[in-house]
Structures are given as structure tokens and as C-alpha cells.
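Notes for the one structure printed next.
The values are calculated or read from the model by the stated rules, or taken from the named source; none is laboratory data. No experiment lies behind these values; they were computed from the predicted model shown. Reconstructed Cβ throughout: ideal geometry from the backbone, glycine too, with neighbour counts over all protein chains shown. Ligands, DNA and RNA are excluded from the accessible area calculation, which covers all protein heavy atoms including side chains. Shrake-Rupley method; radii C 1.70, N 1.55, O 1.52, S 1.80 Å.
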Amino acid sequence: MKTAIVTSDYFVMGETFINRHIEHMFDGDTTVICGRHNGEDPYGKPLFVRRSPLSLTDKILAPFAALSGAALHGTSRLPFGTNRRNLKSWLIDNGVEVILAEFGTQALVVAKLGNDMGIPVFTYWRGTDASRALGSSQRVRSYKLMMPRLAGMFSVSQFLLDNLAKHGVNHPNAHVVPSGVNVRLFQPAEKRPGSFLAVGRMVEKKAPQITLQAFAKAAKGREAHLTFVGDGPLLETCKSLANELGVASQVTFTGALPHDEVRKHLEVTETFLQHSITAKDGNTEGLPTAIQEALACGCITISTVHAGIPEAVEDGKNGLLVAEWDEAGFADRITRVLDMPDRSAMTLAARKTAEAKFDNAILLKKVEDTILKTLCPNAS
């Protein structure tokens with residue numbers, strides 16, 4: 001089934017979940033609609049860039065299109081004028097049969113056009129779109145208006161669906177399908193004793209300073225080493241903090257790395273750390289892909305009771321959980337792991353969790369089957 005995958009930016013190396021859909025959904029029978037294109041196109045799919053320069057006529061029409069869109073549909077982002085006509089023609093020329101918008105905010109852009117053309121539209125909620133975005137009453141209104149236009153929706157966690165429901169955003173055809181991980185590729189290797197790893201953008205909701213401070217309290221002077229993979233606005237702050245805490249020799253900051261390099265780190269790491277918190281603007285995780293990958297590699301995960309994380313990490317079984325901002329508790333859990341004489345039971349439980357719940361081949365088929373069942377309910 002020819003599917004148009006809608007995303008904001010293309011190509012983004014770290015958006016493994018979107019890239020997997022582009023490459024593999026319905027045997028790779030896909031196209032891509034993006035807001036911005038950085039020039040990279042590793043999959044060679046038919047590509048439409050929405051934010052192309054406006055004609056003189058469309059520049060004149062733009063304020064009126066934005067006002068009418070906001071008034072009638074709750075969003076000023078609807079395609080209009082020449083860009084709308086070009087996108088409509090592109091969808092027809094490429095024989096698109098279904099649209100999957102990655103992130104609810106992208107669904108806002110294409111849902112009406114899809115309806116006007118008789119093309120079913122689905123969306124996938126992943127985090128910011130169902131947390132921080134809900135702080136805007138205009139955004140909540142736009143989501144509510146969009147619901148009847150969707151054929152169905154997916155979410156990486158039940159937490160996000162519940163969060164949407166608290167704001168009156170519901171759909172009868174909603175499904176929890178985590179992003180998942182390639183469990184055949186992400187597998188445990190021989191673990192380095194005392195190894196810790198944190199992966200992700202160095203931003204507020206990842207709270208890397210708490211992770212670093214807790215590690216320093218628990219592991220300073222012990223046989224332990226923490227590797228941070230990722231860049232972002234808090235990277236330099238954390239580098240300075242490591243020096244201040246006296247653990248610079250026990251911490252490595254790699255910056256952003258290709259996905260294969262992240263996997264190699266996960267394979268040999270004993271313990272994965274992610275102290276996710278709710279940011280001041282309400283931004284949360286959905287269910288972090290990095291945690292799913294860590295579980296697949298048999299990493300004991302120490303994290304927080306935050307968003308969909310408890311849907312993956314079972315405290316005391318495949319990892320350990322603390323409340324958000326509980327730096328002392330996080331340090332205690334690091335100490336607990338370091339003091340464990342045998343960590344193999346948790347490592348095995350982590351791997352089994354990934355195999356049972358986060359095999360992305362199974363999860364991709366679940367998305368495909370849901371779409372097909374929705375569109376062809378009587379098909380065998």
C-alpha cells in the first residue's frame with residue numbers, strides 16, 4: 001500500500017523510528033513529505049518539500065490563509081495556493097493510498113487535504129506533540145478538530161494517549177505501538193564491568209546534570225566509568241560540571257555518534273542511565289527509543305517514573321526506577337548496581353523484555369495490520 005510518510009525535517013539520522021517507516025513500511029512502498037530537506041536522501045524515495053518559496057500571489061494570500069485556517073481548523077499551517085495544488089498533484093502522481101504523519105503536529109498540516117482527496121490519514125504521537133504542545137489552548141482545539149479527520153492514530157506509550165485524553169483529545173481507533181528496536185541487531189556482548197552509558201540530546205528533559213551528579217556521588221573513586229553520547233545546549237555545562245565534581249577522568253563525552261556506534265557502546269555496557277524529567281514547558285518523553293535499545297542489549301536500566309518509561313522498565317526486575325529529580329535515589333541505585341555481586345539476572349530480564357515487547361519487526365507489522373484492517377475491515 002503506497003504510503004506517504006510525513007515528517008518535519010528530512011533526513012534526520014537520530015529519528016530511527018521515522019527512518020524505519022520510510023525504508024520498510026509496506027515493503028518499502030513509501031514516499032516522503034517533509035517541511036524542510038537538508039539535502040540528504042539515503043532512501044531515494046519520492047520526496048515533496050512543503051516549505052518551498054511562495055509565489056507573489058501566495059505571499060499576498062498567506063495572511064488570509066493563516067487567519068482562515070486558525071479560525072476554522074485551529075491551525076495556520078494548512079497548505080494553500082500553489083503549494084497545496086502541487087502537493088495534491090504529487091500525491092495523485094505517486095498513487096498515495098494512505099498518509100502516516102509522524103507526530104500529531106504534522107497530521108495537522110495534511111489531515112484536511114487528505115480528507116478532501118479521500119486519502120485516509122493516520123498519525124503517530126511520540127512525545128512533545130502530546131505533552132508540551134498541550135500547553136497551548138489553540139493547539140488542543142486544533143487537535144480536537146482534527147480527530148474526526150483521522151482514520152486512526154498510534155502512540156509510543158499509553159502515557160501519551162492518557163495525556164491527550166486529559167485534554168479531551170480522543171480517537172476510537174487508537175493503538176499503543178512503541179517505536180521498537182531491531183532485536184536481531186541490538187544484542188548483548190561481553191559487558192565491561194562498571195560501565196555506564198547515557199544516550200540522548202543534552203537538553204532539559206534528559207536532565208544530564210542530575211545523571212552526572214548522581215554518578216559522581218555513587219561512583220567517584222570506584223571502578224566505574226560513564227560515557228555520555230549526544231550533543232546539545234547542556235553539553236559544555238556538563239563537561240565543566242564533571243571537572244568540578246572531580247570525576248572528569250571517569251566520564252567521557254563523545255558528542256553525537258552514528259547509530260551503529262551507539263549500538264556498539266550499548267552492546268558492551270552494563271548499566272544504562274536516563275534521568276528523564278518533565279521540562280518546565282511541559283515537554284516529556286514518549287517512551288525513549290534509547291531505553292528500548294538498551295534493554296535489547298541487556299543493559300540494566302536506571303531511570304525515572306516518567307512518561308512511558310515504566311511501561312518498559314520494571315523496577316527491580318530489568319532495571320531500577322526513582323522519582324523525577326530524585327538525585328539521591330538515583331545515586332543510591334547506581335551504588336546498588338555497583339555492589340551487586342551478580343548482575344546477570346537483570347541483564348537477562350532486560351533482553352527478554354525487549355524480545356517480548358519491543359521487536360520492531362513485530363511492531364511494524366502491527367502498524368501495517370492496523371492500517372489495513374481499518375481501511376479494509378472485511379479483508380481476510
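Placing +1 at every Lys and Arg Cβ and -1 at every Asp and Glu Cβ, with all other atoms neutral, what dipole size does the range 179-277 have around its Cα centre, in debye to the nearest 20?
Numbers: 12 positive and 10 negative charges, 39 e Å.
For the range 179-277, the charge dipole is close to 180 debye.
Which of the peptides 261-274, 33-46 is most tightly packed, and how do the rest follow, judged by the mean count of other Cβ atoms within 10 Å per residue?
On the way: 261-274: 21.5, 33-46: 13.9.
Order by mean packing, descending: 261-274, 33-46.
Relative to the compact globular guide of 2.2 N^0.38 Å, what is the alpha carbon radius of gyration of the range 328-380, as a ratio? Could you put the intermediate results ahead of the total?
Details: Rg = 19.7 Å, N = 53, 2.2 N^0.38 = 9.9 Å.
After normalising by residue count via 2.2 N^0.38 Å, the value is 1.98.
Just read off the accessible area of D27 with the full protein assembly in place, 1.4 Å probe, to the nearest 10 Å².
Its heavy atoms expose roughly 150 Å² to the probe.
Report the FRET efficiency, 1/(1 + (r/R0)^6), for T82 and L185, where r is their Cβ-Cβ distance and R0 is 45 Å, rounded to 0.05.
Details: r = 43 Å, r/R0 = 0.96.
The formula returns an efficiency of 0.55 here.
Using only helices, what value at 222 nm comes out for the chain when you add -39,500 (n - 2.57) per DSSP H run of length 4 or more and divide by the total residues, to the nearest 500 deg cm²/dmol?
Numbers: 13 runs with 161 residues, N = 380.
When only DSSP H runs of four or more count, the value is -13500 deg cm²/dmol.
Loop only per DSSP, at most 10 neighbouring Cβ atoms within 10 Å: give me the GluC sites (Glu not before Pro) in the range 303-343, ordered by residue number.
On the way: sites: E311, E314, E324, E327; in loops: E314, E324.
Passing sites in the range 303-343 do not exist.
Find how many whole Å separate the alpha carbon centroid of the range 249-271 from the alpha carbon centroid of the range 94-135.
34 Å
Using only alpha carbon pairs under 8 Å that are at least six residues apart, calculate the relative contact order of the range 255-380 and give it in whole percent. Write down the numbers at each step before the final one.
Working: 156 pairs, mean separation 28.4, N = 126.
Answer for the range 255-380 is 23 percent.
Under a Cβ-only charge scheme (Lys and Arg +1, Asp and Glu -1), can you give me the dipole magnitude of the range 105-206 about the Cα centre, in debye to the nearest 20?
For this selection, approximately 240 debye.
Under a 1.4 Å probe, what is the accessible area of the chain per residue, stated in Å²? Could you put the intermediate results ahead of the total?
Values: 15950 Å² over 380 residues.
Solvent-accessible surface per residue comes out at 42 Å².
Strictly over 24 Å apart at the Cα level, which of K2/K166; K112/K205; K2/K373; K59/K112; K166/K205; K205/K365 would you flag in this model? Please report the intermediate quantities before stating the final value.
Numbers: K2/K166 34 Å; K112/K205 33 Å; K2/K373 15 Å; K59/K112 21 Å; K166/K205 21 Å; K205/K365 31 Å.
Those over the limit are K2/K166; K112/K205; K205/K365.
Taking the mean number of other Cβ atoms within 10 Å as a proxy for protection, how do you rank 15-21, 77-83, 164-170 from highest to lowest?
Values: 15-21: 20.7, 77-83: 18.0, 164-170: 15.9.
Output ranking for 15-21, 77-83, 164-170: 15-21, 77-83, 164-170.
Determine the dipole magnitude for the chain: charges of +1 sit on the beta-carbon of Lys and Arg, -1 on that of Asp and Glu, nothing else is charged, the reference point is the Cα centre, and the result goes in debye to the nearest 20. Mind showing how you got there, number by number?
Values: 42 positive and 40 negative charges, 196 e Å.
About 940 debye.
Please list, by residue number, everything in the range 14-40 whose backbone N is under 16 Å from a paramagnetic label point 7 Å out along Cα→Cβ of D260.
Those under the cut-off are 14.
Over the chain, what is the relative contact order in percent, taking alpha-carbon pairs closer than 8 angstrom and at least six residues apart? Show your work: numbers first, answer last.
Numbers: 732 pairs, mean separation 54.9, N = 380.
Reported as a whole number, the value is 14 percent.
Once each part is reduced to its C-alpha centroid, what is the distance from the range 25-85 to the range 313-338 in angstrom?
44 Å
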